[in-house]
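Asker: For reference, the structure I am asking about is given below.
Values quoted throughout were computed directly from the atomic coordinates according to the rules given, and no laboratory measurement underlies them. Keep in mind it's a predicted model, so treat the numbers as computed, not measured. Cβ: placed from backbone, ideal geometry, glycine included. Neighbour counts: every protein chain shown.
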């Protein structure tokens, strides 16, 4: 049986000892917190702007949390979770290059609306909330518990843009844990969003659902459900689950919205899972987002399935680097397939998408669809992840590919010699040669007849 090369977006997150300032220009400081500072930086080569989180390594406890966050965000692949691209490490600090979110915190948007007494409509609140819970379900499916979910940790990507058209990103995974291999017991700082069992230091991933329930209450009313004159009073109300849905604030809110909150702000063993939240009837308010006129060319997926292994690797690299403006249409296509909003596409969803959106019926049979699905699923987890879908959709998008190829080549050309050494290319992907020798051989054969590939050869390989 032919052995296939498996690769994932985490293969492209490099941790290097190179100097950050050799590659990035620091523009300005954006914020400062307990773990370090956040800067806006400019890539000297591409002139793109990113956020750079500078984190001190001096505190060993902090260092463990920082490495944990890097590990989680390297693996996470969801439209509403912040992307990281590179990590630079010095003797004293870690520098994480990530998406630049200039649109501000969701918390600020909510408080501004509350002050103006112009709260979200239920439809608008549902659209925001669905994105957040989709990211939570994705995390829980990967065994990740966020543990610090609050509107201060949810950012809008772009400034001066209508909230409805803006992109939401969940950030700050410093306190997150893989709950299947770690006991969840430590408290986090955000008492207003903490579930009663978190305050008692014995809980599971459903603490995120409680935090989301508090967030939904805030989105609809402009007020927190558990308030008091001091932490002791707040703790008491959370422990006894004392909150009010009968005030004047809630007179014009639907019974469905109230019912959903009642299934989230309850004891842990009665609380909904993220999947159950997304299946709640309240979300029927936003069920009209599915668009039968989406621009999906299914021949693109077929062409992708016939590409060389090298081209698939580079397309996935490009997919992980594209900004939201470049992939806005492709992102909508992804969500149209992801009917249960869990951030991944199952085979059943993929097959249904083919039948729902094909302009030419019977263009592909079941065997074709199954084969295409298996090829797009390059990490072989039985699902199509977000970046995998974007990568497969890029075939034929010549303007995007050519714009990003030089960036891809520069990433593989770590020594900036103008050539890619075969060994450097494999090291850049963190591929275990001994385990996947057949796939490795295929890449080597695709690269060149000698030990190096220059940029022109690289272009020929990508465009053949």
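Asker: Taking the alpha-carbon centroid of each part, what is the distance from the stretch 373-417 to the stretch 107-128 in angstrom?
Answerer: Cα centroid to Cα centroid, the span is 37 Å.
Asker: If you consider only alpha-carbon coordinates, what radius of gyration and Dmax does the chain have, in Å?
Answerer: Calculated on Cα positions, Rg and Dmax stand at 23.2, 75 Å.
Asker: Taking Cα pairs under 8 Å and at least six residues apart, what relative contact order does the stretch 104-289 come out at, in percent?
Answerer: Once divided by the residue count of the stretch 104-289, the mean separation gives 25 percent.
Asker: Over all directions, the average projected area of the alpha-carbon convex hull for the stretch 247-346 comes to how many nm²? Please report the intermediate quantities before stating the final value.
Answerer: Numbers: hull surface 40.8 nm².
For the stretch 247-346, averaging the hull's shadow over all directions gives 10.2 nm².
Asker: For a paramagnetic label modelled at 7 Å from the Cα of residue 306 toward its Cβ, which residues of the stretch 371-400 fall within the zone defined by backbone nitrogen distances under 18 Å?
Answerer: Correct set: 371-376, 392-398.
Asker: Tell me the relative contact order for the chain as a rounded percent, counting alpha carbon contacts under 8 Å between residues six or more apart.
Answerer: Normalised by residue count, the contact order of the chain is 15 percent.
Asker: With a cut-off of 8 Å between alpha carbons and a minimum separation of six or more residues, what is the relative contact order of the stretch 181-299 in percent?
Answerer: 23 percent
Asker: Here's another thing I want to ask about it. Which residues among the stretch 324-342 fall inside the zone where the amide N is under 19 Å from a point 7 Å beyond the Cα of residue 158, along Cα→Cβ?
Answerer: 324-335
Asker: Right, something else. For the stretch 1-132, which semi-axes, largest first and in whole Å, follow from the square roots of 5 times the eigenvalues of its Cα gyration tensor?
Answerer: Values: eigenvalues 184, 100, 48 Å².
One finds semi-axes of 30, 22, 15 Å for the stretch 1-132.
Asker: With a ≥ b ≥ c taken as the square roots of the eigenvalues of the C-alpha gyration tensor of the stretch 180-279, please select rounded if a/c is under 1.5 and otherwise prolate if a/b is larger than b/c or oblate if it is not?
Answerer: Oblate is the answer for the stretch 180-279, as a/c is 1.5 or above yet b/c matches or exceeds a/b.
Asker: How many percent of Cα pairs in the stretch 195-239 exceed 11 Å?
Answerer: Of all Cα-Cα pairs in the stretch 195-239, 67 percent lie more than 11 Å apart.
Asker: Using r as the Cβ-Cβ distance of residue 242 and residue 348, and R0 as 45 Å, what FRET efficiency do you calculate, to the nearest 0.05?
Answerer: 0.60
Asker: Roughly what would the spin-label model give for residue 457 and residue 398, points 7 Å off Cα along C-beta, in nm?
Answerer: 2.5 nm
Asker: Pulled fully out, how much extra length does the chain show between residue 114 and residue 328, if you take 0.36 nm times their separation in residues and subtract their Cα-Cα distance?
Answerer: 74.0 nm
Asker: Provide the descending list of Cα extents for the stretch 106-180 along its principal axes, expressed in whole angstroms.
Answerer: 43, 22, 21
Asker: Using only the alpha carbons of the stretch 104-289, determine the length spanned along each of the three principal axes and report them from longest to shortest in whole angstroms.
Answerer: Result for the stretch 104-289: principal-axis Cα extents of 40, 34, 30 Å.
Asker: Could you give the spread of the C-alpha atoms of the stretch 84-142 along their three principal axes, from largest to smallest, in whole angstroms?
Answerer: Extents along the principal axes: 50, 31, 14 Å.
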